[in-house]
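What follows is a short report on a single structure.
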Amino acid sequence: MIGQLRGLLADKRPNQVLVDVGGVGYLVQVPLSTFASLGDLHTEVTLLIHTHVREDAFSLYGFLSSREKHFFELLLSASGVGPSLALKILSGMSVEELVPAIRGSDLARLTRSRAEGQARSRGHRSPKARSRIPRRS
């Protein structure tokens, strides 16, 4: 398992960065908080990594702080929360906001991101997008 990457920031997009480690580029999914805190391109970066292995994919999730990585992994332990949804939750609220939401059982705040993530994962589209999909005869 990959636990940490240190290298040059080769590319940077919201929720995704490319880290060049000795000539090998690692594509890493990151929350918006990590993205916003990263330096300029071609500067050295160190990311703590959560490696997620599935039958059809090997995905890396990166964090600047161990606290943020820890909460990502706690979210993963909840039923129905996968890495993509956990990343969306962390991108939608800071760890400082997440802790009171969990302690106070603020389900409205926590499930808002979950409902949006589930709708996307099921392929729901807006009515306008659905109208462009040809119907089966």
So the helices (runs of 4 or more DSSP H) completely within the stretch 20-104 holding 2 or more residues that are on the phi < 0 side of the Ramachandran plot and free of Cβ contacts under 8 Å to residues at least 12 places away in the same chain are 66-76, 95-103
Out of (1) of a type in the set (A, V, I, L, M); (2) in contact with a strand residue (DSSP E or B) (Cβ under 6 Å, 6 or more places away or on another chain); (3) under 23 Å from Leu98 (Cβ atoms), the odd one out for Leu27 is which?
(3)
Selection from the stretch 34-58 of residues farther than 15 Å from Ile2 by Cβ and of a type in the set (A, V, I, L, M, F, W, C) yields Phe35, Ala36, Leu38, Leu41
Scanning the stretch 20-50 residue by residue, those of a type outside the set (A, V, I, L, M, F, W, C) and over 13 Å from the mean Cα position of the chain (by Cα) turn out to be Asp20, Gly22, Gly23, Gly25, Tyr26, Ser37, Gly39, Asp40, His42, Thr43, Glu44, Thr46
Can you name every residue in the stretch 1-19 that is assigned to a strand (DSSP E or B) and more than 17 Å from the chain's Cα centre (by Cα)?
Arg6, Gly7, Leu8, Leu9, Ala10
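A short reminder: the numbers here are calculations on the coordinates, not readings from a lab. Remember, it's a predicted structure, so these values are computed and weren't measured experimentally. Here Cβ is always computed from backbone atoms with ideal geometry, including for glycine, and neighbour counts include all displayed protein chains.
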